[in-house]
Structures are given as C-alpha cells and as structure tokens.
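Written out below as structure tokens is the structure these notes cover.
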Amino acid sequence: MPSPVLPDPYLLKSPDRLALLVLTLGPDSLSTEPHADDWFQQGRSAVIDSGVRRVLIDCEQLGPVYAAGLGKILKIYRDLYQAGGELALCRLPATFQEIIHITRMDRVLKLYPSVEAAIEALEDGPP
C-alpha cells in the first residue's frame, strides 16, 4: 500500500498576528501502520520548515490512536515548546480525548472543540 500524502498544511496569516500552521490528520495518521511514520515525518518537517510557532492539528478524521501516536504528537509539542511556540488540537474523537485525559496530557496540550475556537484562542494568545 503506498504511503498517503500529508494533506497540504495551510498557513493562516494576518498582518497584525503571527502565522498559524494547520495540519489535518487522516484516519491512520497516529496508528501503528508503517505509513503513519511517513505522515509524522512530513508533518514535523512542515512545522520546522514553516518557521511558524503556532500549530493547530485538526483530529476530526483521526482513526485509532496508540501510545506511539500520542508520542508523535508530544514530539511536535516539544519541538514547538522549545522554540517558544504553541500546539493545539481540535475536534478530537472521544477515544483520543479519553487517552489524553487518562495520561493527563490535557494539562499540557490545548484542546478545542472546533477549528474556529482553536484559531481564535491561538491568535489571541501570547506571542
């Protein structure tokens, strides 16, 4: 099976605010499938190459998530945190939201019910 291509990340920019990079997860993005590592590398490269410090990951289409998948999200969080940036997740499936709550990562990760709510919070947050 060929590796899926990361849906085009897109930048939201406005003259008076910092840019925001939005990544969209697919059904197998955080699974144990071999192509999930391809998504992670593409997504991480998009974050690093863009130079953007605010990243939103849209999880609406996300399928099963395993511990390794949460680890991938945390690596992106760490990269951004070390650069003074922010990571937010939105539209999480109930099972993924439960995993984040059980592992207490909801104390670290910013979670939002919609893309709009996340964008508004990230744009209004500290630089």
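The values are calculated or read from the model by the stated rules, or taken from the named source; none is laboratory data. Note that the structure is a prediction, hence the values are computed from the model and not measured. Counting neighbours? That spans all protein chains shown, and the Cβs are built from the backbone with ideal geometry, glycine included.
Against the numbered list (1) assigned to a helix (DSSP H, G or I); (2) surrounded by 13 or more Cβ atoms within 10 Å (Cβ to Cβ); (3) within 13 Å of the chain's Cα centre (by Cα), residue 78 comes up short only at (2).
Matching residues to (1) crowded, with 21+ Cβ neighbours inside 10 Å; (2) over 10 Å from the mean Cα position of the chain (by Cα); (3) more than 21 Å from residue 98 (Cβ to Cβ):
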residue	(1), (2), (3)
41	no, yes, yes
48	no, yes, yes
51	no, yes, yes
57	yes, no, no
67	no, yes, no
70	no, yes, no
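For region 32-47, does any single residue satisfy the condition of being modelled with pLDDT under 85, assigned to a loop (DSSP other than H, G, I, E, B), touching a strand residue (DSSP E or B) at 6+ places or on another chain (Cβ under 9 Å) and among the charged types (D, E, K, R)? Can you show your working first?
Let us first name the residues in region 32-47 that are modelled with pLDDT under 85, namely 32-47.
Still in the running and assigned to a loop (DSSP other than H, G, I, E, B): 32-33.
Checking the rest, the ones that are also touching a strand residue (DSSP E or B) at 6+ places or on another chain (Cβ under 9 Å) come to none.
No, because not a single residue in region 32-47 is modelled with pLDDT under 85, assigned to a loop (DSSP other than H, G, I, E, B), touching a strand residue (DSSP E or B) at 6+ places or on another chain (Cβ under 9 Å) and among the charged types (D, E, K, R).
Identify all residues within region 68-95 that are farther than 15 Å from residue 43 by Cα and either out of contact with any strand residue (DSSP E or B) (no Cβ under 9 Å at 6 or more places or on another chain) or touching a residue at least 40 places away in the same chain (Cβ under 8 Å) (or both); write none if there are none. Residues satisfying the conditions are 68, 82, 83, 84, 93, 94, 95. Residue 64 meets all of the listed conditions (1) assigned to a helix (DSSP H, G or I); (2) modelled with pLDDT under 85 but one, namely (1).
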